[in-house]
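Beneath this line is the structure, given in structure tokens, with notes to follow.
Please treat every number below as a calculation from the coordinates, not as lab data. For clarity, every value in this text was computed on a predicted model and none was experimentally measured. Every residue, glycine as well, gets a Cβ built from its backbone with ideal geometry; the counts of neighbours run over all protein chains shown.
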Amino acid sequence: MEWSDSWRGAFRIELRAEAVNLAWHGWPVLPGTYPAGEQWAGRDGVEDDGPIPVHHDWQERIGTKAEQVATWWAGHSYSILLATGHGVDAIEVGADLGRRAAVELRATGIPVPIVATPEGRWMFLVASGGTVITDADVKHYGRGEYVPLPPSPAQVGVVHWRVKPQICAWQLPHADVVREALVQAADSVGVTDRAAGSVAGYGLVAADRS
């Protein structure tokens with residue numbers, strides 16, 4: 001993705017504003033590397049894969065306040081990375097399964113923030129904890145991991161919201177709610193049931209600001 005200097009400057013301001021807003025709501029965000037031709041820049045030299053945290057000690061920076069977060073995006077168009085396992089986890093699936101699960105969630109009246117990548121992956125953001133989902137097409141990101149958030153740049157396109165957290169009043173469901181929706185979505189097309197259980201009793205909680 002090639003950008004002019006003026007466009008990059010405007011995009012950096014947008015990234016900075018979004019990172020500060022996320023941090024203000026208690027989401028642990030970090031600056032990540034950004035596309036530079038076919039590689040990723042922003043760390044020491046360039047990397048073949050990305051995005052990854054800019055800071056080597058990124059785990060020690062989790063929970064940084066919004067005021068400090070604002071300074072990280074002062075000079076570069078860094079990606080926005082969410083450090084999972086600290087109030088917010090992410091459940092990643094393919095776009096087809098993600099769309100069907102989103103329909104199931106809408107039918108139950110439970111809003112869930114959803115992120116989509118240009119590579120065709122959907123991520124459902126949930127409260128940390130709950131049942132860890134393991135499946136060939138499902139990845140549960142927890143402590144010690146991270147995922148990109150909008151409007152982070154990719155090699156082609158940008159990461160974007162399918163459902164913004166504002167729609168959900170910044171509330172997150174337990175992972176089991178999304179797990180059940182994925183099971184129902186898989187069953188709706190004849191895929192073998194890979195899990196069991198009920199969502200009865202699961203509620204909505206805000207991200208832990210600690």
Note to self: What FRET efficiency comes out for Asp187 versus Asn21 if R0 is 35 angstrom and r is the Cβ-Cβ distance? Round to the nearest 0.05.
What the structure shows: 0.40
Checklist line | Residues of the stretch 164-183 with amide N under 15 Å of a point placed 7 Å along Cα→Cβ from Asp96 | finding: none
Check: Cα-based Rg (one decimal) and Dmax (whole number) for the stretch 125-172, in Å?
Finding: 12.9, 34
Notebook entry, point to check: What is the gain in length, in nm to one decimal, between Ile62 and Glu14 on full extension, counting 0.36 nm per residue of separation less the C-alpha to C-alpha distance?
Noted result: 15.1 nm
Check: How high is the FRET efficiency between Asp137 and Glu47 when r is their beta carbon distance and R₀ equals 30 Å, given to the nearest 0.05?
Finding: 0.70
Notebook entry, point to check: Dipole magnitude of the stretch 96-163 about its Cα centre, charges +1 at Lys/Arg Cβ and -1 at Asp/Glu Cβ only, in debye to the nearest 20?
Noted result: 160
Item checked: Cα-based convex hull, the stretch 1-141, per residue volume (Å³, whole number) -> 136
Notebook entry, point to check: Of the GluC sites (Glu not before Pro) in the stretch 33-63, which ones lie in a loop per DSSP and count no more than 12 other C-beta atoms within 10 Å?
Noted result: Glu38
Notebook entry, point to check: What are the semi-axes of the equivalent ellipsoid for the stretch 88-141, taken as the square roots of 5 times the Cα gyration tensor eigenvalues, largest first, in whole Å?
Noted result: 15, 15, 11
